[in-house]
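Take a look at the structure below.
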Amino acid sequence: MSRDIAETIAPVLLDKIENGRGNPLPYTHILQMLAYRHQLEIDGEVQDETEVIEAFDQIKARMDLDNIEQRKAELEKELKGKIDQLKERWKKNPMFG
């Protein structure tokens with residue numbers, strides 16, 4: 001990506017972060033990466049690489065991809081259990097049985 005494109009995108013991301021449209025964390029991370037990569041000045045500061053690492057660590061902590069398949073299986077099992085409970089209640093309820 002060229003610096004010109006980064007300079008065009010940065011204010012849009014900053015607006016999304018400041019005006020609270022959606023979760024600001026991904027926008028913050030992208031803005032930090034652009035600012036670091038192209039040494040852009042955002043709000044009077046040039047991006048410090050430690051901020052990029054901290055943002056990456058925050059995102060990584062929220063997205064534990066190591067156990068995503070296991071977590072999916074657990075959620076599917078939990079959902080099936082809830083559906084089975086609901087079906088049992090319907091069978092016992094004269095309106096639905």
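Residue pairs whose Cβ atoms lie under 8 Å apart, separated by 6 or more positions or on different chains, with the first residue in segment 74-97 and among the hydrophobic types (A, V, I, L, M, F, W, C) and the second not in a helix (DSSP H, G or I), are 90/96; 90/97.
Residue-by-condition table, conditions (1) assigned to a helix (DSSP H, G or I); (2) at pLDDT 75 or above; (3) among the basic types (Lys, Arg); (4) surrounded by fewer than 13 Cβ atoms within 10 Å (Cβ to Cβ):
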| site | (1), (2), (3), (4) |
| --- | --- |
| 8 | yes, yes, no, yes |
| 12 | yes, yes, no, yes |
| 22 | no, no, no, yes |
| 34 | yes, yes, no, no |
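The values are calculated or read from the model by the stated rules, or taken from the named source; none is laboratory data. Please read these numbers as outputs of a predicted model, since none were measured by experiment. Neighbour counts run over all protein chains shown; Cβ positions are idealised from the backbone, glycine included.
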